[in-house]
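Asks: I have a structure here, written as structure tokens, and I will follow up with some questions on it.
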Amino acid sequence: MELSSVVRPNILALEPYSCARDEFKGEASVFLDANESPYNNGLNRYPDPLQSEVKRLLAPLKGVHEDQIFLGNGSDEAIDLIYRIFCQPHSDNVVAISPSYGMYKVCADVNDVLYHAVPLTADFQIDRKALAGRVTLRTKVIWICSPNNPTGNAFPQADIEFFASRYPNKIIVVDEAYIDFSSQPSMTSLLDRYPNLIVLQTFSKAWGHAAMRLGIAMASREIISLFNKVKYPYNVSELTQREAVRMLTDDVDKVRDQIEEVLAQRDVLRQLLLSLPCVECVYPSDANFLLVRVSDANAIYMYLQQQGVIVRNRNSVQLCAGCLRITVGTPEENATLFNELKTYTR
């Protein structure tokens with residue numbers, strides 16, 4: 001891939017902001033370069049702008065090199081940066097599957113980029129012909145969320161490779177926020193084969209740190225260098241970096257155990273839901289949630305809300321009429337949901 005053909009010209013020409021910690025490498029005892037407070041309270045210094053220690057620990061877990069990783073304020077930062085790096089406002093367009101994660105379109109609208117949503121098939125699979133049919137010369141990015149939100153299913157690797165190989169000069173983004181719950185392999189193993197591929201992951205789901213706001217983008221070194229060029233200088237706080245280092249040092253086995261428990265509870269919850277008269281269908285899931293078609297989505301959503309049980313109403317989303325999206329909780333939370341639904345009589 002020739003990056004100059006897909007990157008906005010102003011980004012290629014951009015002279016990035018050089019912060020004080022970018023300009024110094026090594027050990028020092030006196031820091032008088034960044035106009036910080038000299039009084040040490042543990043947080044008076046700016047954080048590492050490239051999060052080197054986090055990346056050093058994360059890279060072997062993901063099977064990539066440290067310089068193939070970008071860390072941001074949630075995956076949403078990476079999504080927005082993709083628009084700002086590759087898409088010319090009021091000129092370029094992107095193509096995405098539908099239904100899918102809503103921030104792709106929100107960021108397109110914010111960046112004044114035309115967004116083409118292509119419906120999945122009735123069984124929530126990618127319609128290759130329809131998706132390819134919306135790709136134009138001005139298409140810069142193709143968005144594929146796998147496992148997909150809100151449908152829950154992961155797409156075959158062959159579908160993603162089809163677009164990565166067919167469109168070598170367009171950016172293919174695979175959002176794998178739920179990959180830890182899927183039997184499908186991550187697309188990170190194919191980054192070296194497809195230089196136009198970007199894989200997004202997060203610490204918000206399986207790692208249980210949604211409040212920490214730490215997202216991951218993995219791609220070629222050249223693409224990651226563009227992320228680092230455009231991002232704000234200190235986009236990940238010191239507190240976030242410390243907690244990420246702690247997790248990656250201490251919690252790997254615990255997280256794996258929690259993933260296994262969620263997968264077991266996903267099966268239990270599925271069977272419980274299927275036993276209820278108000279449940280018409282529970283769709284297969286590769287994520288930590290279930291898409292459930294019920295007899296009256298709006299009424300059941302409001303009923304559960306009144307009982308203090310909050311689920312996501314997806315009734316108005318394309319292809320999801322009559323559906324609620326239900327996150328897999330603890331055994332106790334799942335039992336509460338089931339018991340409340342048992343008493344629903346309308």
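The values are calculated or read from the model by the stated rules, or taken from the named source; none is laboratory data. Since this is a predicted model, take the numbers as computed values, not measurements. No Cβ is skipped: glycine too gets one built from the backbone with ideal geometry, and neighbour counts run over all protein chains shown.
Asks: Within the range 314-327, does at least one residue satisfy the condition of being in contact with a Cys (Cβ under 8 Å, 6 or more places away or on another chain), closer than 24 Å to residue 145 by Cα and surrounded by fewer than 21 Cβ atoms within 10 Å (Cβ to Cβ)?
Replies: yes
Asks: Then there is this: Within the range 77-114, how many residues are under 18 Å from the mean Cα position of the chain (by Cα), assigned to a loop (DSSP other than H, G, I, E, B) and touching a residue at least 12 places away in the same chain (Cβ under 8 Å)?
Replies: So the answer is 3.
Asks: Which residues, taken from the range 226-260, are in contact with a Pro (Cβ under 8 Å, 6 or more places away or on another chain) and basic (Lys, Arg)?
Replies: 229, the sole residue that qualifies.
Asks: Also, quick follow-up: With respect to residue 208, is the statement that it is among the small types (Gly, Ala, Ser), under 24 Å from residue 317 (Cβ atoms) and touching a residue at least 24 places away in the same chain (Cβ under 8 Å) true?
Replies: Against the criterion (among the small types (Gly, Ala, Ser), under 24 Å from residue 317 (Cβ atoms) and touching a residue at least 24 places away in the same chain (Cβ under 8 Å)), residue 208 does not qualify.
Asks: Within the group 95, 54, which residue is among the β-branched types (Val, Ile, Thr), in contact with a Ser or Thr (Cβ under 6 Å, 6 or more places away or on another chain) and assigned by TED's automatic domain parsing to the domain that holds residue 164?
Replies: 95
Asks: Which condition breaks for residue 3 when tested against (1) closer than 25 Å to residue 218 by Cβ; (2) aliphatic (A, V, I, L, M); (3) in contact with a Cys (Cβ under 8 Å, 6 or more places away or on another chain)?
Replies: Here residue 3 clears every test but (3).
Asks: Show the residue pairs that are 6+ apart or on different chains and have beta-carbon atoms under 6 Å apart, the first residue being within the range 123-150 and under 23 Å from residue 7 (Cα atoms) and at pLDDT 95 or above, the second being of a type in the set (Ser, Thr, Tyr) and assigned to a loop (DSSP other than H, G, I, E, B).
Replies: 145/100; 145/101
Asks: Same structure, new question: Any residue in the range 32-61 that is closer than 30 Å to residue 252 by Cα sitting within a Cβ distance under 9 Å of a residue that is of a type in the set (Val, Ile, Thr) and surrounded by fewer than 16 Cβ atoms within 10 Å (Cβ to Cβ)? List the pairs, counting only those 6 or more apart or interchain.
Replies: Final answer for the pair search is 57/249; 61/252.
Asks: Looking at the range 291-306 only, could you name the residues that are among the hydrophobic types (A, V, I, L, M, F, W, C), within 27 Å of the chain's Cα centre (by Cα) and surrounded by fewer than 22 Cβ atoms within 10 Å (Cβ to Cβ)?
Replies: Residue satisfying the conditions is 297 alone.
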